[in-house]
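The values are calculated or read from the model by the stated rules, or taken from the named source; none is laboratory data. Please read all numbers here as calculations on a predicted model, not as lab measurements. Cβ atoms come from the backbone with ideal geometry, glycine included; neighbour counts cover every protein chain shown. Heads up: the accessible areas ignore ligands, DNA and RNA and are worked out on the full protein's heavy atoms, side chains in. Shrake-Rupley method; radii C 1.70, N 1.55, O 1.52, S 1.80 Å.
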Number of protein chains: 2
Amino acid sequence: MDQPCRSACPIACTLDLVGDRWTLIVVRDMMFFGKERFEEFLASPEEISTNILTSRLRQLEAAGLVERKLYSTRPRRTSYHLTETGKSLRPVLKTIAVWGLRHLEQTRTPEQF
Amino acid sequence: MDQPCRSACPIACTLDLVGDRWTLIVVRDMMFFGKERFEEFLASPEEISTNILTSRLRQLEAAGLVERKLYSTRPRRTSYHLTETGKSLRPVLKTIAVWGLRHLEQTRTPEQF
DNA sequence: CGGGATCCGTCTTGATACTG
DNA sequence: CAGTATCAAGACGGATCCCG
């Protein structure tokens, strides 16, 4: 998540960007749940903490996947939106979700969902 | 990477399993490069360290994505193979690789690859 | 020599409290 | 509401050691 790229492998480079426990959760919230504001991301069931959320939003912004907009100065209100590059992650999220559903079907009972 | 599941979301659950800097690198090495042995994983350009590799292989084994086989006792030789569940991650890896290639095309010059 | 385990120092993550 | 400050806990990396 820090250096641009560990290696020339596109998988490794992608993981450098989004390969951690939280980044794709935030992207998911924007992409599938239409969340835009700091408070909304905090409200997700995974319970990201404020400093981690801040750092992930900054990284996503730096990587050009997310744009920040101040839409009110007093009170200060910020909103976050996926850029076109950010939106292009949709197939990745979708594939992960599909895999998760399949895999979890086998290891957990349906009532847990 | 620790608890079974942070939430009922299949994306979050998948990330709990493989959402870190190293796990999918190891899976990639098995899936696309046919690597099987501890030493081979260490030789990848991303340079995973021995303790991290050990812990990731254990986690993958515990999750049922990888099987360990001792194919020689003296000298002791261990090999690691993807189970069917592990192999089912192929579309995930592939989608990530495709996204990486596209995204990196725009942000880096071709000579870097 | 292959396949780790262990120790240690550093960097990162995350929970909580606090601020503009 | 949208963060920042602080600090403990854990992840990571390197080196070394161990064991068959």
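Take B:Arg37 and B:Lys87, extend 7 Å from each Cα along the Cα→Cβ direction, and tell me the distance between the two endpoints in nm.
Between B:Arg37 and B:Lys87, the label points sit 2.3 nm apart.
What distance in nm separates the simple spin-label points at B:Arg102 and B:Ala8, each placed 7 Å from Cα in the Cβ direction?
For B:Arg102 paired with B:Ala8, the spin-label model returns 3.1 nm.
Take the Cα atoms of the protein assembly as shown, find their three principal axes, and give me the spread along each one in whole Å, biggest first.
73, 52, 27
Distance in whole Å from the A-onto-B rotation axis to the closest C-beta of chain A, together with the residue it belongs to, please.
Chain A residue with minimal Cβ-axis distance: A:Thr95, 2.
Over region B:10-103, what relative contact order in percent results from Cα pairs under 8 Å that are six or more residues apart?
24 percent
Using the Cα centre of chain A as the reference point, and only Cβ charges (+1 on K/R, -1 on D/E), how large is the resulting charge dipole? Debye, rounded to the nearest 20.
300 debye
Measuring nothing but label to label, 7 Å from Cα along Cα→Cβ, what are B:Gly64's distances to the other copies in nm, shortest first?
4.2
Give the residue from B:Val92, B:Thr54, B:Gly64 lying farthest towards the positive end of the charge dipole for region B:51-92; charges sit on Cβ (+1 for Lys and Arg, -1 for Asp and Glu) and the dipole is referred to the Cα centre.
The one lying farthest along the dipole's positive direction is B:Thr54.
Would you compute, for the Cα atoms of chain B, the largest minus smallest coordinate along each principal axis and list the three values in descending order, in whole Å?
51, 41, 24
What gaps in nm, shortest first, separate A:Lys87 from its twins in the other copies when you place the label 7 Å past Cα toward the beta carbon?
Label-point separations across copies, in nm and ascending: 3.8.
Rolling a 1.4 Å sphere over the protein heavy atoms, what is the accessible area per residue of the protein assembly as shown, to the nearest Å²?
54 Å²
Counting Lys +1, Arg +1, Asp -1, Glu -1, what net charge surrounds A:Arg37 among other residues with beta carbon under 13 Å of its beta carbon?
Value of the local net charge: +1.
For the pair B and A, how large is the buried accessible area, both sides, in square angstrom to the nearest 100, if the probe is 1.4 Å?
Buried area (both sides, nearest 100 Å²): 3700 Å².
Peptide B:88-94: average number of partner chain Cβ atoms within 10 Å per residue?
Mean shielding count: 4.
Points 7 angstrom from Cα along the Cβ direction at A:Ser72 and B:Ile52: gap in nanometres?
Here the modelled spin labels are 4.3 nm apart.
Using a 1.4 angstrom probe on protein heavy atoms only, which residues from region A:40-66 are buried by at least 40 Å² of accessible area when all chains are present rather than their own chain alone?
A:Glu46
Using a probe of 1.4 angstrom, how much of the accessible area of the protein assembly as shown is carbon and sulfur, in percent?
In the protein assembly as shown, the share of accessible area belonging to carbon and sulfur is 52 percent.
May I ask you to report, in nm to one decimal and beginning with the shortest, the distances from A:Ala43 to the same position in the other copies, taking label points 7 Å along Cα-to-Cβ?
So the label point of A:Ala43 gives 5.3 nm to the other copies.
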